[in-house]
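Written below as structure tokens is the structure these notes are about.
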Amino acid sequence: MIVRNRRTAALTLRADEWAAKKAARQAVETVRGWDHPALAVADLAAAVEHFVEAAVADGGKRISVHLGDQEQKVLVAVLSHLCAAPDEAVLGRVATLATVDSVGTDSAEDGRRMWAVLDTAPRRTGRPTV
């Protein structure tokens, strides 16, 4: 995976039962430092947790979480570092989060990759003006 022209961070964790909570906490901490005041922290944490839980279930020894931002979007990509079948259920859970613009999964030589793009633009409240 190649990411260019944006802030990025990579987290590597042991694939154990605590990985999802640790990864979510570290991802939120990282992205908060990128000045996205309207970031839906709960959505970011949930996306990371769901993807990491799925990656841990693949049975490998480690997982990695990659974060990136550009304009008012945040990319979350989680790799299991093993070839595994796509998990449509996890994509469905992540896709229902309010600020998620898109989700996907693929396999490459670095293993199964699951990703989501979250919108950090401030949400409009109230009724639209006519």
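Compute the angle between helix 19-32 and the longest alpha-carbon principal axis of the chain, please, reported from 0 to 90 degrees and rounded to the nearest 10.
40
Using label points projected 7 Å from each Cα along Cα→Cβ, tell me how many nm separate T96 and R32, to one decimal.
Result: 2.7 nm between the two label points.
Calculate the all-directions average of the projected area of segment 2-54's alpha-carbon convex hull, and give it in nm². Walk me through the numbers before you get to the answer.
Numbers: hull surface 16.6 nm².
Dividing the Cα hull surface by four gives the mean projection, 4.1 nm².
Within the chain, what whole-number % of the accessible surface is contributed by carbon and sulfur, with the 1.4 Å probe and all protein chains included in the calculation? Let's see the in-between values first.
Details: 3750 of 7510 Å².
That fraction is 50 percent.
For the chain, what does -39500 (n - 2.57) per DSSP helix run (n ≥ 4), summed and divided by total residues, give at 222 nm, in deg cm²/dmol to the nearest 500?
-9500 deg cm²/dmol
Could you tell me how many degrees, from 0 to 90 and to the nearest 10, lie between the Cα long axis of helix 41-57 and the main elongation axis, the longest principal axis, of the Cα atoms of the chain?
Between helix and principal axis, roughly 20 degrees.
Can you tell me which lysines have their Cα less than 22 Å from the Cα of K61? Leave out same-chain residues fewer than eight positions away.
Those lysines meeting the cut-off are K21, K22.
Once phi is turned into θ = phi - 60°, what whole-Hz ³J(HN,Hα) does the Karplus curve with 6.51, -1.76 and 1.60 give for every residue of segment 90-98, x standing for Gly and Pro?
Calculated HN-Hα couplings, in order: 5, 5, x, 5, 5, 4, 7, 5, 4 Hz.
Tell me, what is the per residue accessible area of the chain in Å², probe radius 1.4 Å?
58
With a bin width of 10 angstrom, please list the P(r) values of the chain as percents of all Cα-Cα pairs, from the 0 bin to the one holding the largest distance.
Binned Cα distances yield the sequence 13, 46, 31, 7, 2, 0.
Find the relative contact order for the chain and round it to a whole percent, using C-alpha pairs within less than 8 Å whose residues are 6+ positions apart.
26
The values are calculated or read from the model by the stated rules, or taken from the named source; none is laboratory data. Since the structure is predicted, the reported quantities are computational estimates derived from the model, not experimental observations. Note: ideal-geometry Cβ built from the backbone for every residue, glycine included; neighbour counts use all protein chains shown. Heads up: the accessible areas ignore ligands, DNA and RNA and are worked out on the full protein's heavy atoms, side chains in. Shrake-Rupley method; radii C 1.70, N 1.55, O 1.52, S 1.80 Å.
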